[in-house]
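All of the numbers you see were taken from the coordinates with simple rules; none came from a lab. Computed from a predicted structure; not experimentally measured. Positions of Cβ are backbone-derived with ideal geometry, glycine not excepted, and every protein chain shown enters the neighbour counts.
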Ligand SMILES: [Zn+2]
C-alpha cells in the first residue's frame, strides 16, 4: 500500500465531471448509473472496466469481491426492474447490463485484466505490437512448437501441457509483481508472453485429446 492509494480509490473524486440528468436536468456524477436527485437511469458513460464495477484499478483483485459487485450491479439493471418502465429506460438498462457483462468477463481472467489495466494506464497497443517481435520470445515459441510436433504419445503431450500450465501460473504471478511496481513495460512484455503461452496451452490440449481418441 503506497500513500497514493487514497487518490485512486473508489469514492467520488472531485476531478470527475458532472453532467445533467436527461430527465430532471439535475447534476449527476459522470460515473453514476442513476441520477442522485430523481433516481432515473442514465446512459452509460465512457469509462474503463474497473470503474464500471466500482473497483480500484489494480491487477490483484479479490475474485469474490469482483463477483459480489457484479451481481449487485446486475440486480440493479435486471430487466424485471424495468418491465413497467419506458422504452428508453429499458434500452438504457440493457446497455448497462451489456457493458457490465463485458467488464466482468474482462476483469475475471488475468490476461484480459492485465490488458484492461494497461489500457486504463495509457499503455497502448503499439507497445504490445513491439514486444511481439521480441527475438527471444519468437525463439521460445518456435522451440515449443517443435517439441509439440515431435511429441508422439498422449503422455509426452501431457508433460508439455503441464509445463506450459506452470509457465502460465509463473507469468501471472510476475504480472502481479510488475503492476505492483508500476512497471508497465515489464507488464506489457509479460502480457505478450502470456498470450503465446495460452495459445500453446490450447494447442497442447487439443493434440492430447486427439491422441486419446
Ligand atoms: Zn434526475
message: Once each part is reduced to its C-alpha centroid, what is the distance from the range 136-181 to the range 194-213 in angstrom?
response: 11
- request: Work the Kirkwood hydrodynamic radius out for the chain: mean of 1/r over every pair of different alpha-carbon atoms, inverted, in Å.
  value: 20.1
- prompt: In degrees, nearest 10, range 0 to 90: what is the angle between the Cα axis of helix 87-108 and the longest Cα principal axis of the chain?
  reply: 30
message: Relative contact order of the range 123-212, please, whole-number percent, based on alpha carbon pairs below 8 angstrom and at least 6 residues apart.
response: 44
query: So what is the relative contact order for the chain, in percent, with contacts set as C-alpha pairs under 8 Å and at least six apart?
result: 17
- prompt: FRET efficiency for residue 166 and residue 142, Cβ-Cβ distance as r, R0 = 22 Å, nearest 0.05?
  reply: 0.65
- prompt: What does the highest-first list of 182-194, 162-174 look like by mean Cβ count within 10 Å?
  reply: 182-194, 162-174
- prompt: How much mean residue ellipticity at 222 nm does the chain get from its helices, if each DSSP H run of length 4 or more adds -39500 (n - 2.57) and you divide by all residues, to the nearest 500 deg cm²/dmol?
  reply: -20500 deg cm²/dmol
statement: Cα extents of the range 10-108 along the principal axes, largest first, in whole Å, come to 39, 33, 17
message: Out of all Cα-Cα pairs in the range 123-212, roughly what percent, to the nearest whole number, are more than 20 Å apart?
response: 40
- request: Would you mind calculating the gained length between residue 75 and residue 212 on full extension (0.36 nm times residue separation, minus the Cα-Cα distance), in nm to one decimal?
  value: 44.9 nm
